[in-house]
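Quick notes on the structure that follows.
The values are calculated or read from the model by the stated rules, or taken from the named source; none is laboratory data. Only a predicted model underlies this, so the values are computations on that prediction, with no experimental measurement involved. All Cβ positions, even for glycine, are placed from backbone atoms using ideal geometry, and neighbour counts span all protein chains on display.
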Amino acid sequence: MEYTKPEVFISVMARLLKDAENAFLGVASIVPVISVLVGKELYNPNLTILSISGAVNPKPSRLASLSTVHPFLFENARSQFTLTEIFDLSARGELDIAFLGGIQVDRKGRINRSVIGSFNKPKVRLPGGAGTAVLMPTVRRVVLWRTKHDRRAFVEEVDFATAAGNVYKCVTPLCLFGFDGELYVEALFPGVTEENIIDNTGFEVRFAEGIYEIEQPTEEELELIREIDRENLRGFDFK
Amino acid sequence: MSEIVELEKGIREIKDGDKVAIGGNLTHRTPISVVYEMIRQKKKNLEVIKTAGAFDIDLLCAFRAVKAVWAGYVGYESDLGFNAMYYRRSVERGGVIANENACYTVISGMRAARQGVPFMPVNTLEGSDLRRMEYFSTVEDPFSGGVVYVVRALKPDFAVLHAQLADREGNVLIRGSKFEDILMLQAAERTLVTVEELVDSLPAELEMAQPNFLIDYVAEVNYGAHPTSCYLHYDTDLKFIRNFQKYGDVDRFYEDYIAPERGEYISKVLREGKGWSTQSQRSL
C-alpha cells in the first residue's frame, strides 16, 4: 500500500506506545493525537490518553480542528483529569510518556521554545515552552517530535534551554533518534540515507551500530490513520 | 454573593497596573468580550496571567494595555500560524516583559496564592534555563535536607472568566474543559465571570456549579468568548482571527469590531462568519 511521510511518522510514534501506561500530548499536537488513537486501538488497549482538554481517552468521531485543546477531544470521553492534575501526576513520577516538540533540539536533547538570541533582548520571541520545563525532568519518557529535520532545528547547542531531561526517542521525518546522554540515529525512515541525515543535522551525527530501516506502515495502520483523520490534517505540519 | 452587573460596570473595577488572570486556554472559552471592554476603557500596564494565551494576549498587546505577561505559552496552534504577532513584537522591542513560566509554575504560583503561602515548592525545573528567573528560587528541605525549587506566589488582583451558565444568585456552571479557571477563582482577590446565559435555576444535574461567594461580578454576554470557542455553544471563529492577524491597522480594527455596541458586533460577526456558529455546533 502506498503511504505518505506523515503516515510513517505516525506509525513510528504509535508503535512507541506498545508498552506505555499513559501518554500526554500538548498544544498544536495533531500528529501525536492521531498516533495515540492508533496506538491504543492497535497495540495497547490499556493505554490512558491524557491531554490539555482534561478529557481521558476520547473517541472523537472526527478530528474537528488542528487545535489540540479543542472540544473535539472531549467527545465520547467518560472521565476528566485536568491539566493541573496531569502536571501533578508527572511531578510524582507517574506520567509515562509525553510527546513534546522543540523549535530547536540540540545534541544533548535539550529543547528551545523560548527565544532565538538572548532571553532579555531576543532576536525572535518564540511562543514559550508551555509545560515542557517541568515535564521533561519528571516524566518517565519524553518522545520529542519535530516535523522538519534541518540544520536550523537540530543544532549543536540551543540558544536557550527551555527544558531538558528524560529523552527516550526523538522522531523526525528522516529518522528515529535514540538517546544515551546524546542523540544518536537508531533507525532510518524508508528511503533515507545516512548522508541525508548528516546533510540536514547541525551537529555531528552518531549512528547506532545496529542501525536499521524503519518497517513500512502496515495496511492496518494506514487504514486506521485514514479513518481517524479523514480530512488529512496530518499533513499540515509537514508543509 | 455575587452582583449581576453590566459588563462595562464590572470592568471599571479593574485598575491600571492590576494583575489579571484570564480564563480559558488558547482559542477556547476565553472571555474576549472582557478583553474588548478593557481595551475600550483604555486599561494600561496590566500584568496578564495565563497558562497558555493566544488572541486575548495578542489583542491586549496590540492596544498597548500590557506591561508584563506571566505565561507558559503565548501563541496560536498550527492552523493560525503559531505567532501572536503583537505580543512577539512588543517583547522584541522591549515594550512588554515576557515572564516566561512553565504552565505548571503559573499554576503553582496561583496555588500559593490560593493557599495563603508566600511560595510553592515544585518538582522540578532542573535542566531548564528558566530556573534562573527571579520569580523562581530554591530552598533547603527542612526535613530531609534536599534542595527544592520554589515558585513565588502569583496572586491575581482580578480573575476574568467566561462560562456557559449562571443563576441569578451568581453560581456559575463551567461545562467541558475547566482549564485553570477554578484555581483562578480561588486565588484571585476579585473575580468577574461572563456567561452565555443567566437562568433562574441551574439544571439539576450531577455537575455542580462554582459557588457565588467566590464570584464578585457576573455579566450576561451572549457569544462572550467569540472568536474563541465555547463548548456546547459555538466553535472557534478561525476566519475572524485570521482576519485580525492580517488587519494591519489596529485603529481600524477598533472602529470595526471593538467600538460597536454588542448587538451590532454579534450581527456583524454572524453575517461575516456565514453560519459559523450553527455550523460549528456540530463539531462541538
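Checked against (1) under 22 Å from residue A:99 (Cα atoms); (2) in a strand (DSSP E or B); (3) aliphatic (A, V, I, L, M), residue A:225 meets all criteria but (2). Residue A:94 fulfils the conditions (1) facing chain B (nearest Cβ under 8 Å); (2) assigned to a loop (DSSP other than H, G, I, E, B) except for a single criterion, (1). Restricted to the range B:116-163, and to residues there that are surrounded by fewer than 18 Cβ atoms within 10 Å (Cβ to Cβ) and among the β-branched types (Val, Ile, Thr), the residue that is farthest from residue B:225 (Cα to Cα) is B:147. Within the range A:30-51, can one find any residue that is over 16 Å from residue A:170 (Cα atoms), of a type outside the set (D, E, K, R) and at pLDDT below 95? Checking the range A:30-51: not a single residue is over 16 Å from residue A:170 (Cα atoms), of a type outside the set (D, E, K, R) and at pLDDT below 95. Of the strands (runs of 3 or more DSSP E) entirely within the range A:129-194, those holding at least 2 residues that are among the β-branched types (Val, Ile, Thr) occupy A:141-145, A:167-171. Taking the range B:110-128 as the range and being more than 11 Å from chain A (Cβ to nearest Cβ) and assigned to a helix (DSSP H, G or I) as the test, the residues that pass are B:112, B:113, B:114, B:115. Check whether at least one residue in the range A:62-75 is assigned to a loop (DSSP other than H, G, I, E, B), away from every other protein chain (no Cβ under 13 Å) and in contact (Cβ under 8 Å) with a residue 40 or more places away in the chain, and report yes or no. Looking through the range A:62-75, none of the residues is assigned to a loop (DSSP other than H, G, I, E, B), away from every other protein chain (no Cβ under 13 Å) and in contact (Cβ under 8 Å) with a residue 40 or more places away in the chain. The residues of the range B:207-233 that are crowded, with 18+ Cβ neighbours inside 10 Å, within 13 Å of chain A (Cβ to nearest Cβ) and assigned to a loop (DSSP other than H, G, I, E, B), listed by number, are B:225, B:227, B:228, B:231, B:233. Every test in (1) among the small types (Gly, Ala, Ser); (2) in contact with a helix residue (DSSP H, G or I) (Cβ under 6 Å, 6 or more places away or on another chain); (3) at pLDDT below 95 is passed by residue B:204 save one, and that test is (2).
In summary, residue B:62 fulfils each of the numbered conditions (1) away from chain A (no Cβ under 13 Å); (2) under 12 Å from the mean Cα position of the chain (by Cα) with the single exception of condition (2). Tally up the residues in the range B:36-54 that are within 24 Å of residue B:105 (Cα to Cα) and surrounded by 22 or more Cβ atoms within 10 Å (Cβ to Cβ), please. Going through the range B:36-54 one residue at a time, the tally reaches 8.
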